[in-house]
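Encoded as C-alpha cells, the structure appears first; notes follow it.
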Amino acid sequence: MKAVVYKSTGSWYVVKTESGQILNARIKGIFKIDGITSTNPVAVGDEVEIEMENELERTAMIRDIHERKNYIARATPHHNWERHIVASNLDQLLLFATLKDPKTSQGFIDRFLIAAEAFHVPPVIVFNKADIYRKKELQLFEERKEMYNAIGYNVLLTSIEKGNGVDEINKLLLDKTTLLSGHSGVGKSTFINATLPQLKLKTQDVSGWSGKGMHTTTFAEMFDLPFGGRIIDTPGIREFGITDISRQELSHYYPEMREKLHECQFNDCMHINEPGCAIKKAVEEGNIAPERYISYRNILDTMEDKLY
Ligand SMILES: Nc1nc2c(ncn2[C@@H]2O[C@H](COP(=O)(O)OP(=O)(O)OP(=O)(O)O)[C@@H](O)[C@H]2O)c(=O)[nH]1
Ligand SMILES: [Mg+2]
Ligand SMILES: [Zn+2]
C-alpha cells in the first residue's frame, strides 16, 4: 500500500495512505537507500510502500521507498557533518528570516540559497516581524530585497503576529509542497497556526525572542492546506551546512556569478585574485553586489575547514 510520510521523529513515522488514513509506522530491519548515506533513511515527503501491522492500533511497517523527485539535505554538527535529509518531493522552499529578535545573517541566507540552487528547489525569502523593525531594519530590508530581487529571488516583508502577509504567502503555497525553514524563533509555527488555526502548534511563549535559542518545534511535520497544497514545519536551525559541493563549484550556485563564469580567463578560476577574473570585475563595476561576493569568500573559507 502506498503512503506519504507526514512526520519523522527518527525512530517512528506518521504516514498517510492514499485513502487518507493516518498511521504510525516503523522501519523494518536495516533500510538502505541506494546511493544515499544519511542519518535518516526516511524523510518527510517520502512516498513509501507500507504494510499494515495492526489495524486496530493503526500501525504499519515501511517496506520500501519510492524514488525521490528531489530532496533537501544539510550537514549537521551533531552528526559529524554527516548529511541529514530534511524533506523530499518539494516544489518550493520558504525561508523565514528576521532582521531583529533573532537576527538572521546574510551568510545564513546565502547558504540556504546555495542549497536551494544545488538541490534545484526554488526558494522564497520572507522577512518576518516587520512590526518590531525600526528605521534601521526597514532600510536594511529594502537593501536586501533589492539585492535578492536583482538575482531572481522573491522577497516578502511580513508581520505574521499582526496578520500582515499571511494571505500573500498563502497565495504562493497554493497546490505546492513547501518546506518552511529558518532559525529558531523567527515565526515559522506562528505562520502555520495563522493559516491552520485548528492545529494550535506550539510556538515560543513570551512575547517574542528570549535570546536563548530554545527550539520549540522539535520534528519536521507536514500539514495539508485547506486550499490545496502542503506545508512542512521544521525545527529551527542554527546553520545550514552545505553538503556535496566542492570549493571549485561554489560559484555555480550564485546565479549572478554563474552567468559570468565562462568569461573568466582561467576555467578553474576561484575568483579570488586570479588575473582576468570576470567575477571580480563585475563586483568592481557594481554588477555583482559586494555583500554577495563577501559571502562567497566567507563560505569558501569555511569549506577549507571541511565544514561541507
Ligand atoms: N513581534 C513579532 N513576533 C512574532 C511574529 N511572528 C511570530 N512572532 C513571535 O516569535 C516567537 C517565535 O515564534 P515561533 O512560531 O515559535 O518560531 P519558530 O520559527 O516556529 O521557532 P522554532 O520552532 O523554535 O524553530 C513567538 O513568541 C511568536 O509569537 C511577528 O510577526 N512579530
Ligand atoms: Mg516552530
Ligand atoms: Zn573568476
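The values are calculated or read from the model by the stated rules, or taken from the named source; none is laboratory data. These numbers were taken from a predicted model, which means no experiment stands behind them. FYI the Cβ positions are ideal-geometry reconstructions off the backbone, even for glycines, and counts take in every protein chain you see. Just the protein is used for accessible areas: all its heavy atoms, side chains included, with ligands, DNA and RNA removed. Shrake-Rupley method; radii C 1.70, N 1.55, O 1.52, S 1.80 Å.
Mind checking whether some residue in region 139-150 is open to solvent by less than 50 Å² (accessible area, probe 1.4 Å) and either within 16 Å of ligand 2 (Cβ to nearest atom) or touching a Gly at 6+ places or on another chain (Cβ under 7 Å) (or both)?
no
In the set 236, 229, 241, which member is without any contact (Cβ under 8 Å) to a residue 60 or more places away in the chain and crowded, with 20+ Cβ neighbours inside 10 Å?
236
What tally of residues in region 154-168 results from selecting those that are open to solvent by less than 60 Å² (accessible area, probe 1.4 Å) and in contact with a Leu (Cβ under 7 Å, 6 or more places away or on another chain)?
Total meeting the criteria: 1.
Given (1) on the phi < 0 side of the Ramachandran plot; (2) open to solvent by 40 Å² or more (accessible area, probe 1.4 Å); (3) at pLDDT 90 or above, where does residue 8 come up short, assuming only one miss?
Unmet for residue 8, out of (1) on the phi < 0 side of the Ramachandran plot; (2) open to solvent by 40 Å² or more (accessible area, probe 1.4 Å); (3) at pLDDT 90 or above: (2).
Need a quick list: helices (runs of 4 or more DSSP H) entirely within region 116-224 having at least 3 residues that are more than 9 Å from ligand 1 (Cβ to nearest atom).
Correct list: 135-150, 166-173.
On the basis of being among the β-branched types (Val, Ile, Thr), modelled with pLDDT of 95 or more, within 16 Å of ligand 2 (Cβ to nearest atom) and buried (at least 16 other Cβ atoms within 10 Å of the Cβ), does residue 195 make the cut?
Yes: the conditions hold for residue 195.
Among the residues of region 259-302, how many are aliphatic (A, V, I, L, M), surrounded by fewer than 15 Cβ atoms within 10 Å (Cβ to Cβ) and in contact (Cβ under 8 Å) with a residue 12 or more places away in the chain?
Residues meeting the conditions: 1.
Residue 84 fails exactly one of the following numbered conditions: (1) in contact with a helix residue (DSSP H, G or I) (Cβ under 7 Å, 6 or more places away or on another chain); (2) within 16 Å of ligand 1 (Cβ to nearest atom); (3) open to solvent by 10 Å² or more (accessible area, probe 1.4 Å). What is the number of that condition?
Failed condition: (1).
Under the condition of being within 16 Å of ligand 2 (Cβ to nearest atom) and either at pLDDT below 95 or open to solvent by 20 Å² or more (accessible area, probe 1.4 Å) (or both), which residue from region 97-138 is nearest to residue 168 (Cα to Cα)?
Across region 97-138, the extreme among qualifying residues is 129.
Restricting attention to region 232-273, which residues are within 16 Å of ligand 2 (Cβ to nearest atom) and modelled with pLDDT of 95 or more?
232, 233, listed by residue number.
Which one is farthest from residue 229 (Cα to Cα), of the residues in region 11-30 that are open to solvent by 80 Å² or more (accessible area, probe 1.4 Å) and part of a strand (DSSP E or B)?
26
Of the numbered conditions (1) free of Cβ contacts under 8 Å to residues at least 24 places away in the same chain; (2) within 16 Å of ligand 3 (Cβ to nearest atom), residue 255 satisfies every one except a single condition; which is it?
Of (1) free of Cβ contacts under 8 Å to residues at least 24 places away in the same chain; (2) within 16 Å of ligand 3 (Cβ to nearest atom), only one is false for residue 255: (1).
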